[in-house]
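Asks: Here it is, the structure in full.
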Amino acid sequence: NVRFAAADARAASDPASEHANSTGTLSICDHQLVFYSESASRGFAIDYPSIVIHAASGESPDDTHLYCQLDCLLSDAGDEQPQDAELLTELRFYLNQHQ
């Protein structure tokens, strides 16, 4: 079940990922956070246990965003990660304030 959805959400990730740096729909569901960019024809779903920190953040109303720290990297399924890679991703979702 979808508990919240926001169209025109802008996603940004660190490290940068082609999956996240776009505009799309953010959906908060019962067991996952889902982001899909129709214009890029791609997206991702994150199970809640992979989200180690989450918060509403921002120093001004224009900078308000949902912050998530993940214990994994956003990558194509099957991509091999280097053994010494730090498995941590920071995601920020900037929502359209007029929804």
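Values quoted throughout were computed directly from the atomic coordinates according to the rules given, and no laboratory measurement underlies them. Here the structure is a predicted model, which is why all the values come from computation and not from measurement. Here the Cβ is made from the backbone with ideal geometry for all residues, glycine too, and neighbour counts use every protein chain on show.
Asks: Provide the net charge surrounding residue 96, with neighbours chosen by a C-beta distance below 13 Å and charges set as Lys +1, Arg +1, Asp -1, Glu -1.
Replies: -1
Asks: Choose one of 29, 43, 55: the residue whose Cα lies farthest towards the positive end of the charge dipole of segment 1-80 (beta-carbon charges +1 Lys, Arg; -1 Asp, Glu; about the Cα centre).
Replies: 29
Asks: If you place +1 on the Cβ of every Lys and Arg and -1 on the Cβ of every Asp and Glu, how big does the dipole about the Cα centre of segment 22-73 come out, in debye to the nearest 20?
Replies: 160 debye
Asks: Okay, moving on. Work out how much length residue 45 to residue 73 would gain on full extension: take 0.36 nm times their residue separation and subtract the Cα-Cα distance, in nm to one decimal.
Replies: 8.9 nm
Asks: Work out, step by step, the length gained on full extension between residue 88 and residue 54: first 0.36 nm times the residue separation, then minus their alpha carbon distance; give nm to one decimal.
Replies: Extra length from residue 88 to residue 54 when fully extended: 10.9 nm.
Asks: If amide hydrogens are placed 1.01 Å from N in the peptide plane, which non-local residues have theirs closer than 5 Å to the one on residue 43?
Replies: 37
Asks: Could you give the alpha-carbon Rg of segment 1-59 over 2.2 N^0.38 Å, rounded to two decimals?
Replies: Compared with the compact-globule rule of thumb, segment 1-59 sits at 1.11.
Asks: Calculate the spin-label point distance for residue 64 paired with residue 8, positioning each point 7 Å from the Cα along the beta-carbon direction, and give it in nanometres.
Replies: Spacing of the two 7 Å Cα→Cβ label points: 1.5 nm.
Asks: Using each residue's phi in segment 90-95, evaluate 6.51 cos²θ - 1.76 cosθ + 1.60 at θ = phi - 60° and report the 3J(HN,Hα) Karplus result to the nearest Hz, with x for Gly and Pro.
Replies: 3J(HN,Hα) across segment 90-95, in whole Hz: 9, 10, 10, 10, 9, 9.
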